[in-house]
Amino acid sequence: MENTLAPGLYIVATPIGNLGDLSPRASMILSQADVVAVEDSRVTAGLLRHIGVKRPMQPYHDHNADAVRPGLIARMGSEAVALVSDAGTPLISDPGYKLVRDARAAGHTVVTIPGPCAAIAALTLAGLPTDRFFFLGFLPSKAHARAEAIAEVAAIKATLVLYESGPRLSACLSALAEGLGDREAGVAREITKKFEECVTGTLSTLAARYAEAPPKGEIVIIVGPPGEASPATLEDGEAALVEALTRLPASKAAGEVAKKLGLDRKALYARAMELKG
Ligand code: SAM
């Protein structure tokens, strides 16, 4: 096929499972690009085979990006360079932003070919508010760093969107319940694939469900904004405080319960002092 693409950088979204989701425009760009920058050439070779084309590929991933980027930027002056990731939208928890930044700095044309993105697809499945959402990508895997990352976003009045793996799902949901309170949430799995599902419930019920059987496949967690779960009652606060006082001094117990249940810290502290007698 004759190359009719203008020189520049083309950001091409690809399917997250169902190959039928490759758009005709994405297919046209991939067919005509002079070179396709790819995360894993075996994965993209499969996609190119699906549309019946062969194009030169240049691996571009976290381990070689700094070395490879200048060459790709130079080529954009006279050639059409397409960027894809293994699945979904490049740059979204995937490499690419520095390539776009440097392409723009060099004055090259940057064009996007939008399409599938697991985060956005999961938002459409979960039935939680979508007017404001905050994308967290992958949380740190170590418990302490994960708890810190969760604490940073606890006050954000928006739905949260996270990527996670099956083996870590239950621990992550428990940490979210601990740090955010027991909000409404959804676990979207294998979106656009044969076993697609979206299970909804509170964070703690979902954590319990997946503790028994860690799920297979790819996963997006959606967590509703603060206030989505029914507000904690004074009885909830009292019970949580009594439990926390068995482990913590009064001020820390009050702080923990206030954060977890969204109750007033000062009132809880006063009650904790009463309980301690
Ligand atoms: N750039 C991609 C996008 O636009 O969605 C995301 C890349 S990130 C490295 C891969 C993560 O996305 C997976 O670990 C999973 O959390 C999520 N993901 C990708 N495909 C998915 C699918 N079909 N169903 C559910 N989650 C998916």
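The values are calculated or read from the model by the stated rules, or taken from the named source; none is laboratory data. Please read these numbers as outputs of a predicted model, since none were measured by experiment. So basically every Cβ, Gly included, is an ideal-geometry build from the backbone, and we count neighbours across all protein chains shown. Side chains are part of the model used for accessible areas, which takes the heavy atoms of the whole protein and leaves out ligands, DNA and RNA. Shrake-Rupley method; radii C 1.70, N 1.55, O 1.52, S 1.80 Å.
Worth a mention:
- Share of carbon and sulfur in the accessible area of segment 234-276 stands at 58%, probe radius 1.4 Å.
- Spin-label model, ARG101 to GLU274: label points 7 Å out along the Cα-to-beta-carbon direction sit 5.4 nm apart.
- Hits among lysines - C-alpha to C-alpha of LYS194 under 16 Å, sequence gap 8 or more where chains match: LYS216
- Förster radius 30 Å - calculated FRET efficiency between ALA239 and ALA145 (Cβ-Cβ, nearest 0.05): 0.50
- Of all lysines in the structure, the ones whose alpha carbon falls short of 27 Å from that of LYS266, not counting any fewer than 8 places away in one chain, are LYS157, LYS252, LYS276.
- Two-site FRET efficiency, ASN64 against PHE138, from Cβ-Cβ distance with R₀ of 25 Å, rounded to 0.05: 0.75
- In the context of the full protein assembly, ASP182 retains an accessible surface of approximately 60 Å², using a probe radius of 1.4 Å and ignoring ligands and nucleic acids.
- Segment 119-223 - Kirkwood radius from inverse mean 1/r over Cα pairs (Å): 13.4 Å
- Semi-axis lengths (Å, descending) of the ellipsoid that matches the C-alpha gyration tensor of the chain: 46, 19, 15
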